[in-house]
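**Student:** Please see the structure below; I have some questions.
Nothing in this text is a laboratory measurement; each read-out follows from the coordinates by a stated rule. As the structure is a prediction and not an experimental result, all values here were calculated from the model. Counting neighbours? That spans all protein chains shown, and the Cβs are built from the backbone with ideal geometry, glycine included.
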């Protein structure tokens, strides 16, 4: 049996605002289907990504209160890049609010950012093994 995480839901207050934000930072819309009664099936993903995000319109007090806090205040979303500098600059130009300047860790180069609803993300370029089989550290 082959298993994988196909997508996960991200609570948002408005489909159109969320879709506009993610398209602005380089995601693609894989599906946008009207389900009636104001609901839509909206799947997005990074242009070359496999795992998708299902934008979920928050309904009811409990879901509305959870918008932006699905990770309990922790970084819980990780946007991997193979070109940190280019993606970082493009995200800044698109108005993304980074919480810190980029830093280098043993696992790679990273910067924490928040989406417009307060969800905390890492933009991360993982260190890659060099030819000797050890991890190279990014500048």
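**Student:** Under 8 Å for C-alpha pairs, at least 6 residues apart: give me the relative contact order for the chain, rounded to a whole percent.
**Tutor:** Normalised by residue count, the contact order of the chain is 20 percent.
**Student:** Let me ask something else. Measuring from label point to label point, each 7 Å out along Cα→Cβ, what is the residue 34 to residue 112 span in nm?
**Tutor:** Modelled inter-label distance: 4.2 nm.
**Student:** Could you work out how far helix 15-24 tilts from the main Cα principal axis of the chain, as a 0 to 90 degree angle to the nearest 10?
**Tutor:** 20
**Student:** Rounded to two decimal places and with Rh computed the Kirkwood way over Cα pairs, what is Rg over Rh for the chain? Mind dumping the intermediate values first?
**Tutor:** Details: Rg = 16.5 Å, Rh = 16.4 Å.
Ratio of gyration radius to Kirkwood radius for the chain: 1.01.
**Student:** Something else now. Sorted by average packing, counted as other Cβ atoms within 10 angstrom per residue and highest first, what order do 78-86, 48-56 take?
**Tutor:** Details: 78-86: 13.8, 48-56: 15.8.
The densest-packed peptide leads the list: 48-56, 78-86.
**Student:** Rounded, prolate or oblate: which one fits region 1-58, using the alpha carbon gyration tensor with axes a ≥ b ≥ c (rounded when a/c is under 1.5, else prolate when a/b beats b/c, else oblate)?
**Tutor:** Because a/c hits 1.5 or more and a/b fails to exceed b/c, region 1-58 counts as oblate.
**Student:** Compute the Cα gyration tensor for region 72-130, then decide on rounded, prolate or oblate, letting a ≥ b ≥ c be the square roots of its eigenvalues: rounded whenever a/c is under 1.5, prolate when a/b is larger than b/c in the other cases, and oblate in all that remain.
**Tutor:** In terms of gyration-tensor shape, oblate.
**Student:** Sort out for me the Cα centre separation of region 1-56 from region 108-128, rounded to whole Å.
**Tutor:** Taking the Cα centre of each part, region 1-56 and region 108-128 sit 19 Å apart.
**Student:** Please compute the modelled spin-label separation between residue 94 and residue 1, points set 7 Å along Cα→Cβ, answer in nm with one decimal.
**Tutor:** Distance between the two pseudo-spin positions: 3.6 nm.
**Student:** Here's something else I'd like to know. Measuring from label point to label point, each 7 Å out along Cα→Cβ, what is the residue 78 to residue 24 span in nm?
**Tutor:** 2.7
**Student:** Further question: Once you have the Cα-Cα distance between residue 51 and residue 104, take 0.36 nm times their residue separation minus that, and quote the gain in nm to one decimal.
**Tutor:** Using 0.36 nm per residue and subtracting the Cα-Cα distance, I get 16.5 nm.
**Student:** What full-extension length gain, to one decimal in nm, is calculated for residue 8 and residue 59 as 0.36 nm per residue of separation minus the Cα-Cα distance?
**Tutor:** Here the segment from residue 8 to residue 59 would lengthen by 16.7 nm.
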